[in-house]
1. Given the conditions (1) over 16 Å from the mean Cα position of the chain (by Cα); (2) surrounded by fewer than 22 Cβ atoms within 10 Å (Cβ to Cβ), which single one is not true for residue 113?
2. What about residue 158, is it of a type in the set (Val, Ile, Thr), in contact (Cβ under 8 Å) with a residue 60 or more places away in the chain, over 30 Å from residue 22 (Cα atoms) and out of contact with any helix residue (DSSP H, G or I) (no Cβ under 6 Å at 6 or more places or on another chain)?
3. Go through the stretch 14-69 and give me each residue that's within 21 Å of the chain's Cα centre (by Cα) and among the small types (Gly, Ala, Ser).
4. Of (1) surrounded by fewer than 19 Cβ atoms within 10 Å (Cβ to Cβ); (2) under 24 Å from residue 152 (Cβ atoms); (3) of a type in the set (D, E, K, R), residue 85 satisfies all except one. Which?
5. Could you list, in sequence order, all residues of the stretch 101-159 that are under 19 Å from residue 62 (Cα atoms) and among the aliphatic types (A, V, I, L, M)?
6. If you take the residues of the stretch 13-51 that are polar (S, T, N, Q) and within 26 Å of residue 83 (Cβ to Cβ), which of them is surrounded by the fewest Cβ atoms within 10 Å (Cβ to Cβ)?
7. Failed condition for residue 4, given (1) without any contact (Cβ under 8 Å) to a residue 40 or more places away in the chain; (2) crowded, with 18+ Cβ neighbours inside 10 Å; (3) not aliphatic (A, V, I, L, M), with all others met?
8. Across the stretch 132-154, what is the number of residues that are surrounded by 13 or more Cβ atoms within 10 Å (Cβ to Cβ), within 19 Å of the chain's Cα centre (by Cα) and not small (Gly, Ala, Ser)?
Amino acid sequence: MNNRKIVFYGVLLTVAFIGQIIFAFLNYDPEGNAARINAGWFVMMVSAVFGWLPMITFRRKGKVQGRGYIHTTVLVDSGVYAIVRHPQYLAGILLNVALALITPHWTVIILGLLAGTITALDTLAEEERCIEKFGEAYREYMQKVPRLNFVLGILRAIQRKA
């Protein structure tokens with residue numbers, strides 16, 4: 001993907017995500033369906049777990065070079081990375097879902113779908129970079145661990161330990 005497309009999708013993702021947050025805040029109805037709203041907050045908490053664990057896992061196991069935790073020198077396939085290959089992308093998508101559950105206004109839903117779709121597509125480009133960096137080891141990892149499906153990832157992780 002060329003740099004213009006990367007910038008375009010990055011800006012579009014940012015606008016959609018920030019817009020979703022703003023519209024969720026502006027259209028929030030505290031009198032809405034409590035079960036749906038609580039489900040949204042639960043999904044948001046799950047999102048936080050998938051968002052923060054990679055920072056810890058990469059620092060501990062990725063032999064990070066430089067200041068950023070994402071600059072790993074080895075393939076990390078344990079911890080949260082034994083469940084999904086892209087936990088922080090999953091966190092973003094779950095946050096989009098959470099906001100739509102908490103505030104099911106049409107603008108929140110549409111912006112969430114846009115941001116979630118761009119995020120999911122970004123995982124494909126990230127996988128190409130990982131294959132380039134880690135080669136066949138990453139291809140084998142792709143066969144064992146799902147891209148974003150954490151339910152399947154948990155089941156596979158349990159199965160591997162059994």
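Since every read-out is calculated from the coordinates, none of them should be taken as a lab result. Note that the structure is a prediction, hence the values are computed from the model and not measured. Glycine gets a Cβ as well: all are built from the backbone with ideal geometry, and neighbour counts include every protein chain shown.
1. (1)
2. Considered against the rule, which asks whether it is of a type in the set (Val, Ile, Thr), in contact (Cβ under 8 Å) with a residue 60 or more places away in the chain, over 30 Å from residue 22 (Cα atoms) and out of contact with any helix residue (DSSP H, G or I) (no Cβ under 6 Å at 6 or more places or on another chain), residue 158 comes out as no.
3. 16, 19, 24, 39, 40, 47, 48, 51, 62, 68
4. Single failed check for residue 85: (1).
5. 131, 137, 142, 145
6. So in the stretch 13-51, the residues polar (S, T, N, Q) come out as 14, 20, 27, 33, 38, 47.
After this cut, where a residue has to be within 26 Å of residue 83 (Cβ to Cβ) as well, the list is 20, 38, 47.
Working: 20: 26, 38: 12, 47: 22.
Once the filter is applied, the top-ranked residue is 38.
7. (2)
8. 12
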